[in-house]
Every structure is written in C-alpha cells, then in structure tokens.
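Let me begin by presenting the structure, written as structure tokens, before commenting on it.
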Amino acid sequence: MKHSVELPAGHPGLIDLGLLTIQIMPFLVEEARLAARLEGDSWRGYQVGSALAALAGKQLGIYSAGNFKPYKDGPRVCAEETATDAAESDGFGDIFALATTGEPQLDGQLDLPYLPQCDPCVGMMQRRKNMYSPRTLSMLVHPLRNEFGLYTVREMTIMKASGRNLHSPHFFNHSFDPDWEEWRAGEADYLRYANGEIEPDAPYAGIKPGPDLVRLSVTGQLRDV
C-alpha cells in the first residue's frame, strides 16, 4: 500500500523530521497493522506488518507491506524489506520513521509486549544507506495494544554487533499509551523544548531535535520539567 503527499512549501532541508515523526507515527502504526492483517502470509499464521515514511524532495511517501513465508521451507521476505523496495522503486529515500507490528514472542530473558526487529532487517537497514540513516526511528508495537518500543537504526546496529538484543537493560525502552494521548501531547513538549521554552537539567540538557527528543517527548518525560 502506498500514500504520497506534498509537504508544505519550503526548503526540504528545513523540515524537522523529529516533529514530522511525532505527527505521522500513529498513522504508520495503523498502516502497519492493516498490512499485517491484509498482506501478512505465513505458514505459521504469524502475520507481520510494517509501514515507513520516506522523502523525495518535497514529496512524503508512506509505504506498507506484510511478511511473506507461505511454506515452511520456502524463502522468507520480511515486511520491512518489501516496503523499502517499493519506496526505492518509486524514487523515495531518506526513510526517517518506521513502524512494525507482529505478535510478541518470547525472546531472550524478557517477554516483550512487541515483536523485536529481526537481525536480517537490521542488517538490511545497515546496508541500504541510501534509504536508512543511523537516526531513522523504528517503533515496534503490539498488534492491538499501543505498547511500543522506540529504537534508532544506530541502536539496533549496536545491539546486533554486540550480540545484545532488545531485552538488554541498556536498550530496553517500553511505553504504554492506550489512546495515544501522551504521544499527541508530546508534540507540544517537543516544540517547547526545540524553541528553548524548556531548559531541563542533566541528563536531558543539550538534546537536539531528532530521535532522542522524540522519545523523551512522546513518553511524557519532559512533561514535568
């Protein structure tokens, strides 16, 4: 599935991708969930969906796809890779936000409420530097409940290289926001911080607009600063 809209007039380099991520991520989640239901095809009945936001000049493209492994011994094609291929074939790059959903699985020491990004997908994001940057923000979200984790490609790459996974205490990042109320309130917090209206003490001082500020804003960590 694909959606494309033109961004407001202005130089593409002036677009605040952190703010745009906050605004668009709930829509990406719904697109990912829809793709899992309609396009996910697994011999185990295990459906995964992914939706991404990419740029081509002033055009914003939204691409979504489901996983594909209809036979036990057949090839596996991940939803993230299919969506990435579709975006690239249409001339889009600069993927700045990604949402992926699938039934949680026991993996490692903890039972996360969402499906971790698989190693092949992390490797794909590392290789395809024309599509992904280390600051691309990935949301891993439960298929039905708004329980999620937020990780950059850089963080996932470190996990993969070090043999750690999303269960490692250093990387564990989980929030529950039933009606997206805290998430949507985070847009105002993000803008207040970016405009210098909030001057928090360490460890939040000096954070620049981008993934880290998104994470602090949408999880309510700037609310009482």
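Every number here is computed from the coordinates shown, using simple stated rules; none is lab data. Treat the numbers as computed from the prediction; the structure is a model and nothing was measured. Glycine also receives a Cβ, built like all others from the backbone with ideal geometry; neighbour counts cover every protein chain displayed.
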Handout entry: Virtual spin-label span in nm between Asp212 and His174, 7 Å along Cα→Cβ
Key = 2.5 nm
Completion exercise
Between Gln221 and Phe27, the two model label points (7 Å from Cα along the beta-carbon direction) sit apart by a distance in nm of 2.7 nm
Practice task
Among Thr101, Thr219, rank each residue by its count of other Cβ atoms within 10 Å, from fewest to most, as a rough exposure measure.
Solution key: Thr219, Thr101
Practice task
Taking the Cβ of each residue in Glu80, Glu103, Glu155 as the centre, tally the other Cβ atoms inside 10 Å and list the residues starting with the fewest.
Solution key: Glu103, Glu155, Glu80
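What is the fewest-to-most order of Ser133, Ser138, Ser217 by other Cβ atoms lying within 10 Å of their Cβ?
Details: Ser133 17, Ser138 25, Ser217 29.
Fewest to most other Cβ atoms nearby, the residues stand as Ser133, Ser138, Ser217.
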Practice task
Please count, across the chain, the pairs of lysine residues with Cα atoms under 28 Å apart that sit 8 or more places apart or on different chains.
Solution key: 11
Problem - Separation of the Leu191 and Gln105 label points, Cα + 7 Å toward Cβ, nm - result: 4.1 nm
Completion exercise
Inter-part gap, Cα centre of segment 87-105 to Cα centre of segment 36-63, in whole angstrom, is 6 Å
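Given the convex hull of the Cα atoms of the chain, what is a quarter of its surface area in nm²? Write out the running numbers ahead of the final one.
Details: hull surface 50.5 nm².
Mean projected area of the Cα convex hull: 12.6 nm².
Give me the extension gain from Arg128 to Asp73: residue separation times 0.36 nm, minus the current Cα-Cα distance, reported in nm with one decimal. Spell out each step's value before the answer.
Numbers: separation 55, 0.36 × 55 = 19.80 nm, distance 2.68 nm.
Stretched fully, the Arg128-Asp73 segment lengthens by 17.1 nm.
What does the extension gain come out to for Tyr204 and Ser89, with contour length at 0.36 nm per residue minus their alpha carbon separation? Don't skip to the answer; put the middle values down first.
Working: separation 115, 0.36 × 115 = 41.40 nm, distance 3.93 nm.
Stretched out fully, the Tyr204 to Ser89 stretch lengthens by 37.5 nm.
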